[in-house]
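Notes for the one structure printed next.
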Amino acid sequence: MIVLGIESSCDETGVALVDTAGVTVPRLRAHALHSQIEMHQAYGGVVPELASRDHIRRVLPLAEQVLAEASATLREIDVVAYTRGPGLAGALLVGAGVACALGAALGKPVLGVHHLEGHLLSPFLSSDPPEFPFIALLVSGGHTQLMQVDGVGRYTLLGETIDDAAGEAFDKSAKLLGLGYPGGPALSRLAQQGDPAAFKLPRPLLHSGDLDFSFAGLKTAVLTQVHKLGPALEERKADLAASTEAAIADVLVKKSMAALERSGLQRIVVAGGVGANRRLRAQLDAACARRGVRVHYPELSLCTDNGAMIALAAAMRLQAGVQQAVPNYAFDVKPRWPLESLAAERPGS
Ligand code: KG4
Ligand code: ZN
C-alpha cells in the first residue's frame, strides 16, 4: 500500500510518500517540505491568511517533487492522507481540498489524520523505532501533553498544560528577548553561550503532584527580568535565554519521569517541535539512563511539522485496522480536536 500524505496545518507545507509493502513499520520513500518562516518573519508570527495562500502555491509542486524522488506515479497511490486537525482552519482546508480532489480524480480513498498523532508516531520513522506501549511527551507550539500510548489509536491523556504550551513559552520568551520568529530555535541557539543558572526563574507546578504543566508564569518572570535589566539586557541576553530554556526543560523532564514512574512503563517517546531542543534531549537522555528507561526521538528533520508523519500515521492506522480509508470526498477539517477523542471514534468515521 502506498500512501501520499499532505500536511498544511500551520506554517509548513509537507508532502510525503510511504510504502507498507513487505514491512511492519511503513517505509518513507520520499518527503518534501516548504517552510513559510521567511514569509511570516516580517510580521513576528504566523499570519493565517498568508499561510493558506502559500499552502495553495506549494502543495502541488511538492507533490510532484515527492513522486519524482520516489520514482512513483499518481496512479500507484492507494490512499491520500491529509491533516484534518488541529490547526488553522484555512490552512487545513487547503490540504483537505487537495487530498479530496486527488482522491476523487484517482478514484482512491482519502483519510484525515490527527496532526498530534502524526507527531506522536513520527519516531517510528527513525533508525531506532519504539515499541508499544510507551509514554509520549508531545511538545509543540500549541500543545504540551503527556500521554500513555498502548497502540495505534489507543491514547490516554495523563497530563497537559493548563495555559501556554512549551513551544509557546519558548516563542514568547524569545520575543521578549528581541529574538525573531520562530523563537524556539533562536532562543536555544543563544542559550548555548549562556549560563543556565544565572537567573532564578520559576518552575511552575514542578511539585504539584500531578502531570499537568503551566508555562504562563515563566514569560511574566522573563518580562520582569527584561525590565529589571534595562540596557544591561544586551550583555545578559544569553544568560537569560539559557535560564529560560533550563526552566522549561527541567519541568518537562521531571514530569516525564513522573509519568514513567506512575505508569511503570520503560519507554518514552518525545515528539513535536520542542523535541528538537538540545538541552531537553540531553537532560532527558541523562534522566532516562539513570532509570534504565529507553527514550526515542524522531529524526531531527522530522521533529517539526512535515508530511512524512501524516502519511505514516495514516498507513499505521490502516495497518492496525483502527480506521478504514473511504471514498468520501466531503472534506471536513477540525481546527480544534483533542487527541484523546480519537480513541472514542468509530473506525471509518
Ligand atoms: O510541532 P511544531 O513544528 O508545530 C506545531 O505543531 O506547533 O512545533 C513548533 C514549536 C515552536 O514553538 C518552536 O519555537 C518550537 O517548536 N521549536 C523549538 C525548537 N525547534 C522548534 N523550541 C525549542 N528548541 C528548539 N530547538
Ligand atoms: Zn506540529
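Worth a mention:
- For HIS207 and GLU131, a Förster radius of 25 Å and the Cβ-Cβ distance give a FRET efficiency of 0.20, rounded to the nearest 0.05.
- Per principal axis, descending, Cα span of segment 246-349 in whole Å: 49, 29, 24
- Summary value for segment 133-238: 24 percent relative contact order, contacts being C-alpha pairs under 8 angstrom separated by 6+ residues.
- Helix 233-263 vs. the chain, principal-axis angle (Cα, 0 to 90°, nearest 10): 60
- Size descriptors for segment 1-83, from the alpha-carbon set: Rg then Dmax equal 14.2, 47 Å.
- Entry note, the chain: relative contact order of 25 percent, from Cα contacts under 8 Å with a spacing of 6+ residues.
- Between ARG75 and ALA89, the modelled label-to-label distance comes to 4.1 nm, taking each label 7 Å out from Cα in the direction of the beta carbon.
- Normalised per residue, the accessible area of segment 1-132 is 38 Å², obtained with a 1.4 Å probe and no contribution from ligands, DNA or RNA.
- Mean projected area in nm² (Cα convex hull; one quarter of hull surface) for segment 90-186: 8.9
- Taking every alpha-carbon pair under 8 Å whose residues sit at least 6 apart, segment 208-349 reaches a relative contact order of 18 percent.
- Distance between modelled label sites at ILE37 and GLN319, nm, 7 Å Cα→Cβ extension: 3.0
- Principal-axis tilt of helix 48-69 within the chain, Cα atoms, nearest 10 degrees: 60
- Per residue of the chain, the DSSP helices (runs of n ≥ 4 H) give a summed -39500 (n - 2.57) that works out to -13500 deg cm²/dmol at 222 nm.
- Cα long-axis angle, helix 278-291 against the chain (0 to 90 degrees, to the nearest 10): 90
- Working from label points 7 Å from Cα in the Cα-to-Cβ sense, the ARG278 to ALA101 distance is 4.3 nm.
- Trypsin sites (Lys or Arg not before Pro), loop per DSSP, at most 10 other Cβ atoms within 10 Å - longest free stretch of the chain: 1-199
- Rounded to whole Hz, the Karplus (6.51, -1.76, 1.60) HN-Hα couplings of segment 107-120, x for glycine and proline: x, 10, x, 10, 8, x, 10, 7, 4, 6, 5, x, 4, 4
- Stokes-Einstein D (µm²/s) once Rh is taken as the Kirkwood radius of the chain over alpha-carbon pairs, at 25 °C in 0.890 mPa s: 119
- Two-decimal log10 I(q)/I(0) for segment 19-152, as the Debye equation yields it once each C-alpha is a single scatterer, q = 0.12, 0.15, 0.20 Å⁻¹: -0.59, -0.93, -1.43
The values are calculated or read from the model by the stated rules, or taken from the named source; none is laboratory data. Since the model is a prediction, treat every value here as computed from it, not as a measurement. Cβ coordinates were reconstructed from backbone atoms using ideal geometry, including for glycine residues, and neighbour counts include every protein chain displayed. Accessible surface is based on the protein model in full, side chains and every heavy atom, while ligands, DNA and RNA are left aside. Shrake-Rupley method; radii C 1.70, N 1.55, O 1.52, S 1.80 Å.
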